[in-house]
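Note sheet for the following structure.
The values are calculated or read from the model by the stated rules, or taken from the named source; none is laboratory data. Because the structure is predicted, anything quoted here is derived from the model rather than measured. As a convention, Cβ positions derive from the backbone with ideal geometry for all residues, glycine included, and neighbour counts pool all protein chains shown. Areas reflect the complete protein model, heavy atoms only, side chains present, ligands, DNA and RNA absent. Shrake-Rupley method; radii C 1.70, N 1.55, O 1.52, S 1.80 Å.
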Amino acid sequence: MQVDDSKDDGLNGAKSFDFLGVGDISSVAHNTQECFTTIESYMFLTQKCRRERNSQLSEQIYVFLCGMGLDVNEALGNHIVPMLVDCEALPLAFQLFKRLTMVSEHAWTSLILGLANDGQLQSALDFYQSMQDEYVQPSSHTLVTLLKVCAGLNAVNKGRSFHTDITLRGLETDIFVCNTLIHMYAEFNMPLEAKLVFDKLPCRTVVTWNAMIAAFAENGLYSEALRLSDSMEKEGLSPDVFTYSCSVKICSSTGDLEKGRELHEKVNCCEFKTDIFLGNSFIGMYAKCGSLSEAREVFDSLPKHDIVSWSALIGGYSEHGPYQEALECLEEMQLQGFLPDTVAYASALRACANGGFIEKGLELHDELVKKGNEGNPFLGNNLVGLYARCGSFSDAFKVIHMHSACDITAWNALITGLTEHAHFQQAIDCFKDIWRHCVSPDNITFACGLKACSGVGRVHEGFELHMHITSRGLEQDTLIGNTLVGIYSRNGLIPEALHTFDCLFNKDVVSWNALIAGYVEQDMVNEALQCLEQMQVEGILPDVATYVSMIKACSDIGLDDFGVRLHLQVSQIGLNKDLTIGNALINMYAKFGALSQAQRVFDELPVHDPISWSALISGYGELGFVDGALVTYMKSQEESVSFDCAIYASLIKTFHSLECFDMCKGIYMEITKRGMNNDVVNNALVDVYAKSGLIVDAQHVFEELLTPNVISWTSLMAGYIEYGYYKEALRKFDQMESKGIFPNGITYACILKACGNLRDIYRGREVHMETTKRGIDADQGVSNTLINMYARCGVSEDAHDIFDNLLLRDDVSWSALISGHSDVGNHKEVIESLDCMELCVSPSAFVYASAVKSCGSIGAIERGQGIAQQLYKKGLDKDLLAINSLIGMYSSFGLILEAQKIFYSLPSLDASIWSSMIQGYGMNHEGGMAVQCFEDMQKQKVKADAITFTCLLNSCSHTSLISKGFEYFRCMREVYNVIPREDHYTCVVDLLARSGKLLAAEYFTEMMCPSSEGAWLTLLIACRTCGEVDLGIRCFEQLVTLNARSAAWYAIMVDIYEDDGQFDDATRLEDLRKHLGAKKKRASATIEINKKIYEFFVGDNPDNETAFMLESLNSRLQKNGLMDNSDLEKETPTHEHAEKLAIAFGLLNTPQGVTLRVTKNLRMCDDCHHASKVMSKVERREIILRDNCCIHHFKDGVCSCGDSF
């Protein structure tokens, strides 16, 4: 073929191809003589095809030219190769390349670029070496391509080699090349090398500045990037869209909302105001910083939206809430014709997970299945995360097992969800399952596994996992190392935490934060402060998490001054505007009671999130400022703050504690109106109603739950237990397990508490075995409750076994042991345990309160006064529980004036303090003072509760204020809105019995509390006092029906028969008791002498001195005619009652005139009561004896009880 290479014809030919598109090239071939007259014409055609990236046309051209034999033409062939590369026909390009005898630099470069774009980066470098072997000199375009390849391969040495080559070729001032160099060094995480290239440029374009700004930003040098942006403008260059976008992303990464707003204001004054790319950047920045109102404002101001705009907004709502808004945006987006992409769906699933919207999540899952997107790994992982966060683990397992698309991220989400819901054993099992599914765990998996081991209390398994991590060489992984430090420190294993911390090669701020948080968790505030100082000495600047931990420490232990200093410090470094720190400060000042300061912090925050509002409302609520809480909540509604379900649940609890019941209903209506009436809120309502004693309402809401979970069941059971419905709680526990819902540690703790209160050791052991089987027995909370349960059931050995095997014996563990012993009456063990505890752990006010109670129970006045001094010395004298115990102790010693002194010294009194004082007056037969105390309580506008009325009615009963007692009982419901309970009914029975209305008492018991052992026992005792045999028999029958194995009723009924002379019936009943195995509680009495407790039991053989004292005492009583022979014949020194033994021992071992204080575990008998009166007169001693009925103050032959007990 003859080709005319004339220039004019070439130009004409080129013009003739302007009309060509993607038509059939063969149709043009017929006009070859007219159109394809020069090589230049074909070159123009290849260039046109390259511009259009038309793969079909490029192959047609290639086939056509091959058919004409022009493909191997040197000039044309070197144009065809780049055309084929650009049109993604790389194999054809290489096919032609091999046939060409001479290949131009342009063709070589095109092939290198083609390999790079195809992901064959190493092949691209190898191909460049072939180019060098052919002695083809690279152009700047070649080198730019190679620099990009090196960046992709992270080939630092190769990249530097090309940099040297660029310098040798004199291309270091080439803007195009240098821009790529800067980008390459940025990818290598070598921003300083990039800056050297940048500084050598004599002339910089906007693209150059952008490259350098991006290099700093990508390597976390945000301040330098922003300074560079400012310098660019000072040199007279105007930022473009990319410059602004990069700066906005920096603000997003640093959370610098103020700088972001400043940039936004600048953009609004230039031509980029409506640019959608930049607008999307601002939406993302505001959304990430939590300012969703501003994000929405930018979104609404854009002239048009794309999928990125919607996804950024949905992502912001899904991260910060209101989560419902994310779902509403998704619906609105679809209504406007946009199909959600993977990012939008993933954000919506996260919103469902964070908001607990399980039903909406199920809808989205169905939608993904219908659209065929369910197999997307990213979405599959988010589905698992949704189900795991919402506690729907069966669905999470289904997604993992049915879809192979799920990777280690999904397993991590599942294990995290199980851990968050306290299903630690299942989390450990799941961790082990990963290996069976041939999925390789990553550092996040190991971190989750460690947390699960920590949660279940299996420290040894945590150690084993730590060793496994070490064997895999992952101990230096920062995430795993930080997790280990956090777990060890939070579990009190400080030496292990410090060892792991010291072994970390790279200690970042998270490492220090983990150690500080652990110290704070263990109340080791001084160590946390030292840690804070040391990290700064080592050049690690505290971040938001550091300050939040320290602020929390100040909040928890009341470090007012240091908290204020922290506030000043964060203000000086500009972090006081940070939302997370601001929320922590609000909470801190609220706990300090400094609500004005909390309000000031709130007002100074540039933006508020739902947590800010909730913290302030809760602060007002906890301190009882009803108006402040209400006003703040109303303002939040005026500003259209949309709370999520969890915060709404918290608000319901806050307003319920303030007795703002209408507001609770209003919030509930708002939740219902917004379609958020889900299980999270209903769980809160169940909890609120249950804690308030509104068990019927709690049960009603519980039954409305769509899928009651372990939290729902546990809240209901906790309510039953709180108000004494222990058996019903156990029934609910059985129902829960029958429905396949696994109890968690809190559930087991509740049920064990019920077993302890019922003294049901058999059921308690069953639950213990179940916790062992499920691997929850090592949970610290469960272990502590087990200790308390066994102690309350009187099985001290088992309680101490569990206690001794605890790896960490904290204050709660000691409290469980001591309070359990105290509740069951093992008072000596309480005092002994307290002595041991003080050697290793500083007792809390609760422990001291239990010990004081025990001292009062056994008459250990000197020991009790010593504990009281400790309370005052440690500043615990403001604790209400401790104060109550002191008032109770002094009252039980008969030291009512000491109790009054404490009572009147208090700056403020709540219902529990008033109740204790009323009870103290009643115990000491000061009925008039008890009534006056109650009246004073009403004048002070302190609301009486159920306990107050129990104390008041008991006081009226024991001091024979019968009519007053009836008056208060009638007013309970009508005036004070207190619903009578079983103990109140028992008091009424006692009032009726003491007024001689025994039949009325019987009728009242049958009508109001037929299943109350206390009421029937009270009436049975009254029958013994009044000699009512027939009524006594009826009461006895009722008691036996309720509990056939209690020896108390048998003993009293035997006394009734004997007093009536029915000795045969008494004998038969006593034989029946023995046959049934109803063991009598052995009578005992204690007395304290020189800080030592002496205990005596009925029938004890006294020592010689005490026996002699008793004989001498009896002889003197008989000689003075104070007791007749029949009384003395009942008791010989070897058969004396316990209280007489204790009194005789006291007389023998104390100086004349010292008051004797004796405590008896059972009711005092008439004979001993009479003998004690006589002894007080003969020995001229005051004898204060407390039995399980009241306090007897014997003086000069008279008892304070007036012989009515």
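Kindly evaluate residue 748 against the criterion of being in contact (Cβ under 8 Å) with a residue 12 or more places away in the chain, among the aromatic types (Phe, Trp, Tyr) and open to solvent by 40 Å² or more (accessible area, probe 1.4 Å). First the steps, then the outcome.
Working: in contact (Cβ under 8 Å) with a residue 12 or more places away in the chain: yes; among the aromatic types (Phe, Trp, Tyr): yes; open to solvent by 40 Å² or more (accessible area, probe 1.4 Å): no.
Judged against the criteria, residue 748 is not a match.
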Go through region 772-797 and give me each residue that's closer than 20 Å to residue 832 by Cβ and either β-branched (Val, Ile, Thr) or open to solvent by 40 Å² or more (accessible area, probe 1.4 Å) (or both). 787, 794, 795, 797
Confirm whether residue 350 is of a type in the set (D, E, K, R), more than 21 Å from residue 307 (Cβ to Cβ), out of contact with any strand residue (DSSP E or B) (no Cβ under 8 Å at 6 or more places or on another chain) and open to solvent by 60 Å² or more (accessible area, probe 1.4 Å). no
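Conditions tested, residue by residue: (1) surrounded by fewer than 16 Cβ atoms within 10 Å (Cβ to Cβ); (2) within 21 Å of residue 926 (Cα to Cα).
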| site | (1), (2) |
| --- | --- |
| 1165 | no, no |
| 1168 | no, no |
| 1174 | no, no |
| 1183 | no, yes |
| 1187 | no, yes |
| 1190 | no, yes |
| 1195 | no, yes |
| 1203 | yes, yes |
Within region 580-631, how many residues turn out to be surrounded by fewer than 16 Cβ atoms within 10 Å (Cβ to Cβ) and closer than 23 Å to residue 259 by Cβ? 3
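Go through region 315-340 residue by residue and tally those that are over 19 Å from residue 641 (Cβ atoms) and of a type in the set (A, V, I, L, M).
Total satisfying the criteria: 4.
Filter region 798-822 down to the residues that are in contact (Cβ under 8 Å) with a residue 60 or more places away in the chain and open to solvent by less than 50 Å² (accessible area, probe 1.4 Å), then identify the one that is farthest from the chain's Cα centre (by Cα).
Step one: filter region 798-822 for residues in contact (Cβ under 8 Å) with a residue 60 or more places away in the chain, giving 807-808, 810, 820.
Now drop any that are not open to solvent by less than 50 Å² (accessible area, probe 1.4 Å), which leaves 810, 820.
Values: 810: 20, 820: 27 Å.
Only one residue tops the list, namely 820.
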For region 720-735, state whether one or more residues are without any contact (Cβ under 8 Å) to a residue 24 or more places away in the chain, buried (at least 19 other Cβ atoms within 10 Å of the Cβ) and on the phi < 0 side of the Ramachandran plot. yes
Those residues of region 778-837 which are of a type in the set (A, V, I, L, M, F, W, C), at pLDDT below 85 and closer than 24 Å to residue 1082 by Cα amount to 824
Take residue 57 and decide whether it is open to solvent by less than 30 Å² (accessible area, probe 1.4 Å), assigned to a helix (DSSP H, G or I), free of Cβ contacts under 8 Å to residues at least 24 places away in the same chain and not polar (S, T, N, Q). no
Can you name every residue in region 1025-1072 that is within 23 Å of residue 1164 (Cβ to Cβ) and among the small types (Gly, Ala, Ser)? 1027, 1032, 1046, 1047, 1048, 1051, 1066
By residue number, the members of region 227-280 that are within 16 Å of residue 207 (Cβ to Cβ), open to solvent by less than 50 Å² (accessible area, probe 1.4 Å) and not in a loop (DSSP other than H, G, I, E, B) are 228, 229, 231, 232, 241, 243, 244, 245, 246, 247
List pairs: first in region 167-187 and farther than 12 Å from residue 148 by Cα and basic (Lys, Arg), second open to solvent by 40 Å² or more (accessible area, probe 1.4 Å) and not in a helix (DSSP H, G or I), Cβ under 9 Å, 6+ apart or cross-chain? 169/137
Hey, any hits in region 1082-1099 for a residue that's over 55 Å from the mean Cα position of the chain (by Cα) and within 30 Å of residue 1151 (Cα to Cα)? yes
Report, by residue number, each residue of region 320-361 that is assigned to a loop (DSSP other than H, G, I, E, B) and at pLDDT 85 or above. 336, 337, 338, 339, 340, 341
Which numbered condition trips up residue 287, out of (1) aliphatic (A, V, I, L, M); (2) surrounded by fewer than 19 Cβ atoms within 10 Å (Cβ to Cβ); (3) touching a helix residue (DSSP H, G or I) at 6+ places or on another chain (Cβ under 7 Å)? (2)
Filtered residue count, region 553-576, keeping only those that are part of a helix (DSSP H, G or I), open to solvent by 60 Å² or more (accessible area, probe 1.4 Å) and within 22 Å of residue 606 (Cα to Cα): 4
Criterion violated by residue 24 - all others in (1) under 23 Å from residue 93 (Cα atoms); (2) in contact with an Asp or Glu (Cβ under 9 Å, 6 or more places away or on another chain); (3) open to solvent by 80 Å² or more (accessible area, probe 1.4 Å); (4) modelled with pLDDT under 75 satisfied: (2)
Considering only residues of region 823-840 that are touching a residue at least 12 places away in the same chain (Cβ under 8 Å) and under 16 Å from residue 871 (Cβ atoms), which is most open to solvent (accessible area, probe 1.4 Å)? 831
Being open to solvent by 50 Å² or more (accessible area, probe 1.4 Å) and farther than 13 Å from residue 947 by Cβ is the filter here, so list the residues in region 907-933 that pass it. 907, 908, 926, 928, 929, 932
With the condition kept exactly as written, say whether any residue in region 1023-1037 is among the aliphatic types (A, V, I, L, M) and touching a residue at least 40 places away in the same chain (Cβ under 8 Å). no
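Where in region 370-437 are the helices (runs of 4 or more DSSP H), entirely inside, with at least 1 residues that are hydroxyl-bearing (Ser, Thr, Tyr) and at pLDDT 75 or above? If you could, list the steps in order and put the result at the bottom.
Details: elements: 377-389, 393-402, 408-420, 424-436.
Fully inside region 370-437 and qualifying: 377-389, 393-402, 408-420.
Would a scan of region 850-870 turn up a residue that is under 40 Å from the mean Cα position of the chain (by Cα), part of a loop (DSSP other than H, G, I, E, B) and closer than 25 Å to residue 1194 by Cβ?
Residues of region 850-870 under 40 Å from the mean Cα position of the chain (by Cα): 850-857, 863-870.
This time we only want the ones that are part of a loop (DSSP other than H, G, I, E, B), so: none.
No, region 850-870 contains no residue that is under 40 Å from the mean Cα position of the chain (by Cα), part of a loop (DSSP other than H, G, I, E, B) and closer than 25 Å to residue 1194 by Cβ.
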Name the pairs: first residue in region 992-1015 and touching a residue at least 40 places away in the same chain (Cβ under 8 Å), second residue part of a helix (DSSP H, G or I) and of a type outside the set (Lys, Arg), Cβ to Cβ under 7 Å, at least 6 apart or on different chains? 994/957; 994/962
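Mind checking which residues of region 1146-1163 are touching a residue at least 40 places away in the same chain (Cβ under 8 Å), under 21 Å from residue 1109 (Cα atoms) and assigned to a loop (DSSP other than H, G, I, E, B)?
So the first thing to find is which residues in region 1146-1163 are touching a residue at least 40 places away in the same chain (Cβ under 8 Å), and the list is 1146, 1148-1150, 1156-1163.
Pick out the ones that are also under 21 Å from residue 1109 (Cα atoms) and you get 1146, 1148-1150, 1156-1160.
Listed by number, the list holds a single entry, 1150.
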